[in-house]
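See structure below.
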Amino acid sequence: MSPLTTIVVGPLTRAGQAVTARATERGDRTYVVARHAGDSAALSGGDATVLRIDQRLDLLGVGDGPVRIIVCALGPIHPDEVSSDDDHAAFARDLDVVERLLLATAGRPTGVVLISSIIALAPGADRRYYGGFKCLVEQRLGEVAARAGAALAVVYPGRLVDRPSHSRLALHTSFQRLAVTAESVAGTSSSRISGLDARLWLVVNAARLVTTTILPPRAHTPSTSLELRMSPSERNSRP
């Protein structure tokens, strides 16, 4: 059987870089998806093969080994963004790329992993656009995967940080740990919450929901907020 093929969508994000590094170190046949010439130039010179989305993807059909498509960027990147036509255009373009990848690898055991955000499960009042768009991404990607007979797994991280912590009570998830988690669910239809802060985010938002729906409203009561801010290293330029 041919070696495992790993295809990374969003390879210029820090998550994408971590996933790509692990795949190449393990000896996977690794491909990174470039949206345009600028991406292609930035990705060239590495150990992974660069795939331009405006080129044919026939080479992906070579072999019979399993395929992992790990989607590290699809839809809006920054939680602070507001509605933009660019979001919808980029989403449609990248979703079409994933569908083409699935067609090119048809007949091989394939798993799709979406790296989403814990905000998709519990968006705050100022994150509803971002959280809602992440839910839309998951739904549409699931439909595309289902048509191709591929499993979709989803990882919901909280804040992502550069260096892994050796503490058992580490609050945030490192990019390296996120890559490991994405690999662990590939080929399944499971979901995974990554990071203690992500779990705390769900607990706080669940408590807030109970408070606002059961207890009578109080005037001039400030709302509790547990912010998940992005570190500068998490940000990626808009195409």
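Some points to look at:
- Extension gain, A92 to L136: 0.36 nm times the residue separation minus the Cα-Cα distance gives 14.7 nm.
- Distance-filtered residues of segment 11-46 - backbone nitrogen under 12 Å, label point 7 angstrom along R52 Cα→Cβ: 34-41
Each value in this text was obtained by applying a stated rule to the coordinates, not by laboratory testing. Being a predicted model, the structure only gives us computed values, none of them experimental. When we count neighbours, we look across all protein chains shown, and the Cβ atoms used for this are built from the backbone with ideal geometry, even at glycine.
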